[in-house]
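Colleague: Here you go, one structure.
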Amino acid sequence: MLNKQDKENLVRRAKEARELAYAPYSHYKVGAAVLTADGQVYSGNNVENAAYPSSLCAERVAIFKAVSEGHRVLQAIAVVTANGGSPCGGCRQVMREFGGKQMVVLIADESGMLMEEYTLDQLLPRSFGPEELPR
């Protein structure tokens, strides 16, 4: 369970990451920060591309940074947008891979005000995860 300080730190780190977003096409900056099982935080922002499908969401940037450093279990993610927008379906599925159904998802606006708090199971009900595949 996340305490108030953990939540505030994640939102702050996501807010800072949002400031560095590269969003010249949508003008919709997004920042994210993930908390690993051992308490480390990795942040990311959206990076757009003139060839739109080549863009990458902030949530996946943050998660992939953590995974590239050897982390495979995530506790929580904070997402900061101008208006408290929710993660897309693709990001939710990546969260499911590394955070499981009980991963905490914090959604805040650009001022850093926490607007919503969910478990991933609430955002992605009846999800498909690694445990569904044969070993």
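The values are calculated or read from the model by the stated rules, or taken from the named source; none is laboratory data. Not measured: the values here are computed from a predicted model. Because the Cβ atoms are built from the backbone with ideal geometry, glycine has one as well, and the counts that use them run over all protein chains shown. Remember, those area values only see protein heavy atoms, side chains included, never the ligands or the DNA or RNA. Shrake-Rupley method; radii C 1.70, N 1.55, O 1.52, S 1.80 Å.
Yes/no per residue for (1) touching a helix residue (DSSP H, G or I) at 6+ places or on another chain (Cβ under 9 Å); (2) open to solvent by 30 Å² or more (accessible area, probe 1.4 Å); (3) outside any loop (DSSP other than H, G, I, E, B):
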site: Pro24; (1), (2), (3): no, yes, no
site: Leu35; (1), (2), (3): yes, no, yes
site: Asp38; (1), (2), (3): no, yes, no
site: Ala50; (1), (2), (3): no, yes, no
site: Val79; (1), (2), (3): yes, no, yes
site: Asn83; (1), (2), (3): no, yes, no
site: Ser86; (1), (2), (3): yes, yes, no
site: Gln93; (1), (2), (3): no, yes, yes
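Colleague: Only one of (1) under 17 Å from Arg12 (Cα atoms); (2) surrounded by fewer than 20 Cβ atoms within 10 Å (Cβ to Cβ); (3) in contact with a helix residue (DSSP H, G or I) (Cβ under 8 Å, 6 or more places away or on another chain) fails for Asp109. Which number is that?
Modeller: (3)
Colleague: Looking at Glu69, Glu59, Glu97, can you tell me which residue is open to solvent by less than 60 Å² (accessible area, probe 1.4 Å), among the acidic types (Asp, Glu) and out of contact with any Leu (no Cβ under 7 Å at 6 or more places or on another chain)?
Modeller: Details: Glu69 fails: open to solvent by less than 60 Å² (accessible area, probe 1.4 Å); Glu97 fails: open to solvent by less than 60 Å² (accessible area, probe 1.4 Å).
The match here is Glu59.
Colleague: Scanning segment 112-127 for residues that are assigned to a strand (DSSP E or B) and not acidic (Asp, Glu), which turns out surrounded by the most Cβ atoms within 10 Å (Cβ to Cβ)? Don't jump to the end; show me each part of the working.
Modeller: First, pick out the residues of segment 112-127 that are assigned to a strand (DSSP E or B): 114-119.
Subsequent filtering for residues that are not acidic (Asp, Glu) retains 114-115, 118-119.
Numbers: Leu114: 17, Met115: 15, Tyr118: 15, Thr119: 15.
Taking the candidates together, the pick is Leu114.
Colleague: Of everything in segment 5-22 that's open to solvent by less than 50 Å² (accessible area, probe 1.4 Å) and hydrophobic (A, V, I, L, M, F, W, C), which residue is nearest to Gln102 (Cα to Cα)?
Modeller: Leu10
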